[in-house]
Amino acid sequence: MRSTIDRDTLVRLCERVEGAQTRAYAIPKLTNEYSELAMADSYAIQMALLERFLEQGHKLIGWKAGLTSKAKMKQMGVEQPTIGFLTDRMARPENSVISTSDLVHPRVECEIAFVTKAPLSGPDCTAAEVMAATDYVMPAIEVIDSRFAGFKFDLESVVADNSSSARFVGGGRPRYANELELDTLGVVLEKNGEMVEMGAGAAVMEHPAEAVAMLVNILAELDRELPAGSFVMSGGITAAVAVQPGDYVTARFQELGSVSVKFGE
Ligand code: OOG
Ligand code: MG
């Protein structure tokens, strides 16, 4: 992917997104001002954001696939999966209280996460290669938080905003992926003790490993590989659910146990 955006615009848009992320305020979607923004430019902004965070001492621990299920695409009005990076600063322990004062309008998603034991590279990475390179899978809750007003965006804007990445919680019971049928594996998402969404792994590109292969192939377009030991989230199985202070959320996965998290001020 070759971005044609000029250096000044790249830096300005990157700083705009960084400000909104670190100080938790909503901004208009980037394409309101830069209607010519292309996907290559958006990924260039995302990579510039990653470099800035790494310079500030954040550690890259993995990646996420986003908008990989029909439920998510329908909810957000887009038709193409994206990727985003995950750092140590976004990780939260299971059962912790996640503060909402440093988020704009958080939503939760239930996802199957992969931990890799061998490097993966594109451009022709397959789901079978992903399965062979996977050490284990574990259930995860992702807390997404679009920095765009009204949680409304287009693909170019959301990619520049690191695909709405904000917090994530892994947990439950890690299992070897090849001992499970990840497509028929069910999940129930509960908020305050009531079921709000449910689905199965196949909602994510028919098999969550397909989403990881897609992610590796996008990384290849960005001249990157997925190193061994990466934590990769394959994308929300169901629509995302808004949360506010006082809410508690549990994602109950077949075979993989459950992951819970609470939200505070
Ligand atoms: C974009 C991020 C989507 C997922 O799992 O589909 C995502 C968004 O919906 O804000 O993380
Ligand atoms: Mg997600």
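The values are calculated or read from the model by the stated rules, or taken from the named source; none is laboratory data. This one's a predicted model, so the numbers in the text were calculated from it and none came from an experiment. Reconstructed Cβ throughout: ideal geometry from the backbone, glycine too, with neighbour counts over all protein chains shown. SASA here: full protein model, heavy atoms, side chains in, ligands and nucleic acids out. Shrake-Rupley method; radii C 1.70, N 1.55, O 1.52, S 1.80 Å.
Are any of the residues in the stretch 22-44 at pLDDT 95 or above, within 16 Å of ligand 2 (Cβ to nearest atom) and not in a strand (DSSP E or B)? Looking for residues that are at pLDDT 95 or above, within 16 Å of ligand 2 (Cβ to nearest atom) and not in a strand (DSSP E or B), one finds none in the stretch 22-44, hence no. Per the listing Arg12, Arg92, the residue uniquely open to solvent by 60 Å² or more (accessible area, probe 1.4 Å), more than 27 Å from Arg252 (Cα to Cα) and of a type outside the set (Gly, Ala, Ser) is Arg12.
Scanning the stretch 52-72 for residues that are closer than 29 Å to Ala200 by Cα and part of a helix (DSSP H, G or I), which turns out farthest from ligand 2 (Cβ to nearest atom)?
Residue satisfying both the conditions and the ranking: Lys70.
Taking the listed residues Leu120, Leu67, the one that is closer than 17 Å to Gly229 by Cβ and buried (at least 21 other Cβ atoms within 10 Å of the Cβ) is Leu120, with no other qualifying. Taking Lys74 as the residue in question, decide whether it is buried (at least 16 other Cβ atoms within 10 Å of the Cβ), within 21 Å of the chain's Cα centre (by Cα) and either under 27 Å from Ile237 (Cβ atoms) or of a type in the set (A, V, I, L, M) (or both). Spelling it out, it is not the case that Lys74 is buried (at least 16 other Cβ atoms within 10 Å of the Cβ), within 21 Å of the chain's Cα centre (by Cα) and either under 27 Å from Ile237 (Cβ atoms) or of a type in the set (A, V, I, L, M) (or both).
Where strands (runs of 3 or more DSSP E) fall wholly inside the stretch 76-123, the ranges with 1 or more residues that are within 17 Å of Val204 (Cβ to Cβ) and in contact (Cβ under 8 Å) with a residue 40 or more places away in the chain are 82-87, 107-116.
Restricting to the stretch 166-192, name every residue that is under 17 Å from Val204 (Cβ atoms) and among the polar types (S, T, N, Q). Within the stretch 166-192, just Thr184 meets the criteria. Looking across the stretch 128-166, the residues that are of a type outside the set (S, T, N, Q), away from ligand 2 (no atom under 11 Å from the Cβ) and closer than 18 Å to Val115 by Cβ come down to Ala128, Glu129, Val130, Met131, Ala132, Ala133, Asp135, Tyr136, Val137, Met138, Pro139.
Set side by side, the residues Ala160, Ala132, Ala91, Ala149 differ, and just one is away from ligand 1 (no atom under 16 Å from the Cβ), more than 22 Å from Met198 (Cβ to Cβ) and among the hydrophobic types (A, V, I, L, M, F, W, C), which is Ala132. Selection over the stretch 200-241 of residues that are out of contact with any helix residue (DSSP H, G or I) (no Cβ under 7 Å at 6 or more places or on another chain) and within 14 Å of ligand 2 (Cβ to nearest atom) gives a count of 6. Can you pull out every residue in the stretch 236-260 that is within 16 Å of ligand 1 (Cβ to nearest atom) and open to solvent by 30 Å² or more (accessible area, probe 1.4 Å)? If the condition is that a residue be within 16 Å of ligand 1 (Cβ to nearest atom) and open to solvent by 30 Å² or more (accessible area, probe 1.4 Å), then Ala242 is the only one that fits. Filtering Leu50, Leu37 for residues that are more than 23 Å from Met90 (Cα to Cα) and touching a residue at least 12 places away in the same chain (Cβ under 8 Å) leaves a single hit, Leu37.
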